[in-house]
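The structure under discussion appears below in the form of structure tokens.
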Amino acid sequence: MAAGETKKMRTFQDRKISNPIQKIALVSDIHANLPALEAVYRHAIQHDVQLFLNAGDTVGFGPFPNECLDFIRLKKMVSVKGDYDQKVLEYPKRKNSLEKKKNPLQLFSFKWAYEQLTEHNFRFLADLPEFQCIPIGMKKVYIAHGSPMSIKAHLGSTTTHSELVANQKIAQSDFIICGNSHVYWSSQVKDTLFINPGSVGRQDDGDPRASYATLSLSDPIKVDHYRVPYDISRVLQAIEVYNLPVEFSYMFQRGVNLERAIAELSNAKNDQISTA
């Protein structure tokens, strides 16, 4: 490990679990959406999950940043830090540079989440590593928000085989769990299975239901992907209470990203003007 990387990487050594782990829930990109996280947790427990792995971006856009951090800590979810989490934590120091390259509503999201975090939750989020390597029985599971090579990477169906191999060589693990793309995907590369469970709290594919996956370690290895409905009205009510932008509500309602929300709301407004 290179110098200066000790805080970025953590190994899984401090958990005592009486029964051998056979089934794991894989979650990512919660984005401060507590109702979605709660629904996924209930669904996973009903499917006999014993351990939760969280690939980061727990805060941002949604109205429940502290509640989500409290939840993953209470439920002992093994978590890493995402790139959105980093931007929230570093907002005051990076404000000027972010203003030059980010949409004003993204900047607002960083600022709002930063201002909401309690001191305890700020420290908890800041202390999360960028990567975790977890031995489970005879297997090794590597968690990274983007990829083992970069917290900002988006691994998925368009990722080249050579890039996956490069990441596999770094992780040296049986499973690589990643997020960031907000789209479910899995791929076997040599002896490593890559899995992106999609986004729990802020989807990009037009389906507003929460997305997550389970990994069964029994023979044969099995991955199941789920879309879980949840009470979106709780999110919309909280957004209204906190006077957050209407674009944020649209994102959660429609399961789309910020850029698409802005474009579709703009088109709808223009249509109203043209027909008036």
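The values are calculated or read from the model by the stated rules, or taken from the named source; none is laboratory data. As the structure is a prediction and not an experimental result, all values here were calculated from the model. All Cβ positions, glycine included, derive from the backbone under ideal geometry; neighbour counts span all protein chains shown. With ligands, DNA and RNA removed, areas are computed over all heavy atoms of the protein, side chains included. Shrake-Rupley method; radii C 1.70, N 1.55, O 1.52, S 1.80 Å.
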Value of Rg/Rh across segment 37-181 [Cα atoms, Kirkwood radius] = 0.99
What's the extension gain from Ser187 to Arg123 if we count 0.36 nm per residue and subtract their Cα-Cα distance?
-> 19.6 nm
Which whole number in µm²/s is D for the chain by Stokes-Einstein, with the Kirkwood Rh taken over Cα pairs at 4 °C and 1.567 mPa s?
-> 68 µm²/s
Rounded to the nearest 500, the 222 nm mean residue ellipticity computed for the chain from DSSP H runs (n ≥ 4, each -39500 (n - 2.57)) alone is -12000 deg cm²/dmol
Accessible surface of the chain, 1.4 Å probe, proportion on carbon and sulfur as whole % = 49 percent
Considering only lysines 8 or more places apart in sequence, or on different chains, count the pairs in segment 11-141 whose C-alpha atoms sit under 16 Å apart.
-> 18
Cα lying deepest toward the dipole's positive end in the chain, options Tyr91, Gln168, Leu215, charges on Cβ | Gln168
Residues of segment 170-219: accessible area per residue with a 1.4 Å probe, Å² | 32 Å²
Considering the dipole of the chain built from charges on the beta carbon (Lys and Arg +1, Asp and Glu -1) around the Cα centre, which of Val80, His225, Ser28 is farthest to its positive end?
-> Val80
From the square roots a ≥ b ≥ c of the eigenvalues of the alpha-carbon gyration tensor of segment 101-184, which class results: rounded (a/c under 1.5), prolate (a/b over b/c), or oblate?
-> oblate
Set of aspartates and glutamates near Lys190 by C-alpha distance (under 17 Å), chain-local residues within fewer than 8 positions excluded = Glu163, Asp174
Note to self: with every protein chain in place and a 1.4 Å probe, segment 34-121 gives an accessible area per residue in Å² of 42 Å²
Burial order of peptide ranges 133-139, 167-173 (average beta-carbon count within 10 Å, highest first) = 167-173, 133-139
Residue of Val40, Val165, Val223 that the Gaussian network model of the chain assigns the largest fluctuation, springs spanning Cα pairs under 10 Å | Val165
What FRET efficiency would be calculated for the residue pair Ser150, Asn257, taking the C-beta separation as r and a Förster radius of 22 Å, to the nearest 0.05?
-> 0.65
Here the relative contact order (percent) of segment 79-187, from C-alpha pairs under 8 Å and at least 6 apart, is 27 percent
Could you give the dipole magnitude of the chain about its Cα centre, charging the beta-carbon of Lys and Arg +1 and that of Asp and Glu -1, in debye to the nearest 20?
-> 600 debye
